[in-house]
Amino acid sequence: MLSPQKPREEALYDLVSGWRRGIFTAGEAKRCGYSRQLIAHHIKTGNFGRIARGVYRLGLFPSDHLDGLVSALVRVDPEDAVVSGQSALQLHELSEIAPNKYELTLPREKRYRSSRRRHPIGVKIHTVNHLDPKEVVKLDGIRVTSAPRSIVDAGNDGMDLKLVRSVVFDALRKIKATPKQIKEAAQTHAEPAVLRTILEALADAALVPTI
């Protein structure tokens, strides 16, 4: 929550610290007390770096490999959006396949319809009635669906079932999730073909001796 009592520099710094890695929107800067002209001035002097249309980074913060993902979160909904699907699998280091869009999940009551601002190019928004807190973790300070939920969501969204199977093995091998956790997520959320694939993968994994 922005405080009108804080100097604009302090308010902006407080807002963008932590997981946001210095990234903010023009609207957020304005709410901190920066006019359009002042924003333009800081861009010109290098105090603000432009990341995308209407999205900037405070110059005190270095560029980061997560800039694109954080920018998507900030543009869509920094309070409620959660990284999900194949984007989440990447953060969990369970997939090397880069999705062609950043995948984010929002509560259904927060869904956005036709606004281009809220449906940024390169972002895919999923909605759910409810996301259980135990299905959300933090990676690099960013809210992400848990490994089991990410596997199920990616499968439901059309990821090749051979890859779903492979990701299940990787999750078990890297101790990102237990068989019980994956099975519960699949039985609760997975579509029939995805559920069958996950359960078969878990059964096969149980036959593989640990070293």
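In the chain, the DSSP beta bridges split such that about 65 percent are antiparallel, to the nearest 5. For segment 35-138, DSSP calls about 50 percent of its internal beta bridges antiparallel. Each semi-axis of the equivalent ellipsoid for segment 60-211 is √(5λ) with λ an eigenvalue of the Cα gyration tensor; in descending order they amount to 28, 17, 13 Å.
Each residue, E109 and A206, gets one label point 7 Å from its Cα in the Cβ direction; the gap between the two is 4.0 nm. Per residue, the chain exposes 57 Å² of solvent-accessible protein surface, assessed with a 1.4 angstrom probe and all protein chains in place. Measuring nothing but how far apart in sequence close Cα pairs (under 8 Å, 6+ apart) lie, relative to its length, the chain scores a relative contact order of 14 percent.
Counting only protein heavy atoms and a probe of 1.4 Å, the accessible surface of the chain is 51% carbon and sulfur. Across T45, T145, T188, T25, the residue with the most accessible area heads the list, and the full order at a 1.4 Å probe is T188, T45, T25, T145. Taking the C-alpha atoms only, the angle from helix 67-76 to the longest principal axis of the chain is near 80 degrees.
In this view, the solvent-accessible surface of K174, computed with a 1.4 Å probe and all protein chains in place, comes to about 80 Å². Here each label is just a point 7 Å from Cα along the line to Cβ, and for K180 and D14 those points are 4.3 nm apart. From its DSSP helices (H runs of at least four residues, each -39,500 (n - 2.57)), the chain gives a residue-normalised ellipticity at 222 nm of -13000 deg cm²/dmol.
The values are calculated or read from the model by the stated rules, or taken from the named source; none is laboratory data. Since the model is a prediction, treat every value here as computed from it, not as a measurement. For neighbour counting, all protein chains shown are included, and Cβ atoms are generated from backbone atoms with ideal geometry for every residue, glycine included. Heavy atoms of the whole protein, side chains included, go into the accessibility calculation; ligands, DNA and RNA do not. Shrake-Rupley method; radii C 1.70, N 1.55, O 1.52, S 1.80 Å.
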